Every structure is written in structure tokens, then in C-alpha cells.
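A.B. asks: I'd like to ask you about the structure that follows.
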Amino acid sequence: MRDPLSNHTEDIGKEGFKLLDCAIIGGGPAGLSAALVLGRARRSTVLFDDGKPRNAVTRQSHGFLTRDGVTPAEFREAARRDIAKYDSVEFRSETVASVGKERGRFVVRTASGGAFEARKIILATGLKETLPDIGRIAEYYGTSLFSCPYCDGWEMRDRPLVVIANDASKAAHMAQVLSNWSRDLLVCTNGSRLTAEQREALALHGIRYKETGIRSLEGEHGRLERVRFEDGASEERTGGIVVSEWRQAADFAMSLGCRMNETGGIAADEARRTNVEGVFAAGDAAVISPAQLIVAAADGARAAIGVNSDLTHESFHPPVPH
Ligand SMILES: Cc1cc2nc3c(=O)[nH]c(=O)nc-3n(C[C@H](O)[C@H](O)[C@H](O)COP(=O)(O)OP(=O)(O)OC[C@H]3O[C@@H](n4cnc5c(N)ncnc54)[C@H](O)[C@@H]3O)c2cc1C
């Protein structure tokens, strides 16, 4: 079988670079921002994205200066328009299947059989959530149940809200944070038990809690109206926060040998270099918290500046042959 790398020049397109300066995997705010900085730095770059961002379920994104309230799709389209001005960047709407190192270069192979070589890699693949196992919860997620008060708390301010988490400590912590937006809070631990201290702290702030398992969530068109419990009781709630489990969206960091940090993100230094030479990490995949579009975009810019600095340094200080 012919090695797809032999097609490489044709695959890369626009400027016919044989060896890319950088391959970015993930086209969320982190990857897009990295692409913009690298385009402006005249670096040959391919950005791969398979269109499954973490916030795909939401109708509006909040808190990104100048873009408050845009849809996730509008945000990405605007970013792509900005980047389209820079000829050395190419978008590829496809899934990356593997990233490895061959002959001293990174080789990115796509699910459709393409292969690309790059000097540097930016992993900006984000995270994936697993919601608590509660009937119909996904119908409400992104419309009336959200993941983060900073993203959607303002729109739910002063309303009767619920905090849902399978882990009682995480539920209690989230209630503290959310209490800034509404005082009418019900903490639901879905069967797990709060400590006496946590109960006392919640009560002291007028926050109610219920530890009974949740039977179902009721409402229409994604708008939560009621939480029904296994003991038959129900509570009217019009929205709230769900604490989900999350995992890395892609396992390239693990397969390349990148170290992870104590919160489960890809460990990276100030310039977003990982412990594997030439591999950078940006956005939710590295930062974990706070998970914000603007934080991810800033992180992508840092990674791109790190990539460009290292490439520049290497061209001025090439390794001396022994
Ligand atoms: C419900 C919800 C609502 C939110 N609302 C807000 C908000 O209002 N404001 C705010 O600031 N933040 C919000 N966030 C957080 C925000 O979405 C994230 O912090 C942000 O998207 C992280 O950006 P990222 O670029 O790191 O990852 P992502 O945006 O998740 O992008 C990662 C990209 O990598 C791609 N990818 C992954 N693996 C591969 C592969 N193998 N090949 C090709 N492509 C791949 C994915 O398709 C995806 O497009 C919200 C999050 C959730 C869950």
C-alpha cells in the first residue's frame, strides 16, 4: 500500500508545504486562537476539527468579551473568517485517528486515511462530559440545566434552581458558588449523603437539600419545571447546574507519553509545552478549570507563541552534529 505521506504536498494545499510547522488538533476556541496566532506568524499550519465541541448543546455562549450571547456556531464561524485571511493556515474538517513520531517528525493520520507531517503539535481536543444517570437529563442540558454558573448563572438569576450531582461534596460546593446568582436553591445529591458540616453550612445560608434519589426530571422542550424523587415527592425548579463527570475527548496525550496534572488535564508549562518535546497542549484538555471560552482562547494563543518561539529558536540554534 502506498504511504499517504507521499501525497503530502497535494494534501497540504495552499502553499504546498511539505513539512508543516504545526498541526493543531481541535478547532474550539483554543485551537482556533492558536491557528490565528500561527497564521499571523506566517507558520504553515493545519487545523483538524471534527465538529464536536464541548458546548455543542448550548444555544448561547456567554462571557467572551465582544461576543457575549453568540451561538457556539457563530463564534466558530467568526473565528474561521478571521483566520481565513492568513494563507498559511488550512482547516480540515476531519477526525484525527492517531499522532505519532516517525523519522523525528510528528505524523498525524486522519480517519479518512490522510497523513501529515509536522514539526510541532498542539493538542486542543477539549473534554467530554458524562451526565449523571437520570432519565431525560440530556433533554434539559444546555437549555435549562447548565454546567457552570459563570457561563449561564446570569440568565437564571433569582429563579428557583436546582444543583444536581451524584457526589454530595461537589453538590455542596456548587451550591455555594451558585448562591451568588440565586438564593432559592435546592441541592440534590441523588442518593449520596452530605456530611453534618455540609448540611449545617447549607442551612445557615438558607439552602435546602434533598438526598433521596431522583426519579425523573419533568418539563417541556428542554425547559425544566419539576424534579421528581424516588419517594414520590416533587419540587418545582426552573433550571440549575449539573455537576457531570468529564474525560479527555481524545487520548493523544496519553499515547504520546504526556504527563497529566493533578486535576486530570495535560500538564503544560507557561508556554503550554508538555513534557514531550514538540507537543503543546491548550484549552480545556489542559486547563480543566476554569472552563471558559476566553480562557481556552488565551491558552491557545500562549501555545501558538510557544510553538513559534521554539521554532525560531531552533532555526537560530540548530543542533550541532556530533
Ligand atoms: C453546556 C456547556 C455550556 C457552556 N457555556 C459556556 C459559556 O457560555 N461561556 C464560556 O465561556 N464557556 C462555556 N462553556 C465552556 C466552554 O465550552 C469550554 O471551556 C470551551 O469550549 C473549551 O474550548 P476548547 O477549545 O478547549 O475545547 P472545545 O471547544 O471542546 O473544542 C475541542 C474540539 O476538538 C475537536 N476534536 C476532539 N478530538 C478530535 C479529533 N480526534 N480529531 C479532530 N478534532 C477533534 C472537537 O470536535 C472540538 O471541536 C460551556 C460548556 C458546556 C459543557
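A.B. asks: To make sure I understand the rule: partners must be aspartates and glutamates, Cα under 17 Å from the Cα of Lys85, and not fewer than 8 residues away in the same chain. Which ones qualify?
C.D. replies: Glu15, Glu77
A.B. asks: So how much slack lies between Lys101 and Ala267, counting 0.36 nm per residue of separation and subtracting their Cα-Cα distance, in nm?
C.D. replies: On the way: separation 166, 0.36 × 166 = 59.76 nm, distance 1.96 nm.
Between Lys101 and Ala267, full extension yields an extra 57.8 nm.
A.B. asks: Sticking with this one: Measure off, as a whole percent, the carbon and sulfur share of the 1.4 Å-probe accessible area of the range 132-242, all protein chains present. It would help to have the intermediate numbers written out before the result.
C.D. replies: Numbers: 2520 of 5430 Å².
Looking at the range 132-242 in its full context, I get 46 percent from C and S.
A.B. asks: Moving on to the next point. Which Cys residues of the chain have no other Cys Cβ less than 4.7 Å away and so no disulfide-compatible partner by this rule?
C.D. replies: Cys22, Cys188, Cys258
A.B. asks: Between Arg42 and Lys85, what is the label-to-label distance in nm when each label sits 7 Å out along the Cα-to-Cβ direction?
C.D. replies: Taking the two extended label points, one gets 1.7 nm.
A.B. asks: So, one more: Taking R0 as 56 Å, what's the FRET efficiency between Arg157 and Ser315 from their Cβ-Cβ distance, rounded to 0.05? Each step should come with its number before you reach the end.
C.D. replies: Values: r = 53 Å, r/R0 = 0.94.
According to the calculation, E is roughly 0.60.
A.B. asks: Find how much the distance from Glu211 to Arg136 grows on full extension, using 0.36 nm per residue of separation minus their present alpha carbon separation; answer in nm with one decimal. Before the final figure, lay out the partial values.
C.D. replies: Numbers: separation 75, 0.36 × 75 = 27.00 nm, distance 1.94 nm.
This chain segment gains 25.1 nm when fully extended.
A.B. asks: Taking every DSSP beta bridge that has both residues in the range 132-242, what percent is antiparallel when rounded to the nearest 5?
C.D. replies: Numbers: 9 of 23 bridges.
Around 40 percent of the beta bridges assigned by DSSP in the range 132-242 are antiparallel ones.
A.B. asks: What spacing in nm lies between the two simple spin-label points modelled at Lys128 and Glu77, each 7 Å away from Cα in the Cβ direction?
C.D. replies: 2.8 nm
A.B. asks: Going Cα to Cα from Lys120, which lysines come in below 20 Å? Please leave out same-chain ones fewer than 8 positions away.
C.D. replies: Qualifying lysines at Cα under 20 Å: Lys14, Lys18, Lys101.
A.B. asks: Rounded to the nearest 0.05, what FRET efficiency do Arg226 and Ser289 give with R0 = 30 Å and r taken as the Cβ-Cβ distance? Could you check?
C.D. replies: 0.50
A.B. asks: Still on this model: What 222 nm value per residue comes from the helices of the chain, counting each DSSP H run with n ≥ 4 as -39,500 (n - 2.57) and dividing by all residues, nearest 500 deg cm²/dmol? Walk me through the intermediate numbers first.
C.D. replies: Working: 10 runs with 91 residues, N = 322.
Using -39500 (n - 2.57) per qualifying helix, the result is -8000 deg cm²/dmol.
A.B. asks: Just by accessible area at a 1.4 angstrom probe, what is the order of Trp154, Trp246, Trp181 from largest to smallest? List each step's numbers first, then the result.
C.D. replies: On the way: Trp154 155, Trp246 90, Trp181 45 Å².
So, going from the largest accessible area down, we get Trp154, Trp246, Trp181.
A.B. asks: Just the number, please: percent antiparallel of the DSSP beta bridges in the chain, rounded to the nearest 5. Don't skip to the end; give the middle numbers.
C.D. replies: Numbers: 26 of 56 bridges.
Percentage antiparallel, nearest 5: 45.
The values are calculated or read from the model by the stated rules, or taken from the named source; none is laboratory data. What you see is a predicted model; the values in this text were computed from it and never measured. FYI the Cβ positions are ideal-geometry reconstructions off the backbone, even for glycines, and counts take in every protein chain you see. Remember, those area values only see protein heavy atoms, side chains included, never the ligands or the DNA or RNA. Shrake-Rupley method; radii C 1.70, N 1.55, O 1.52, S 1.80 Å.
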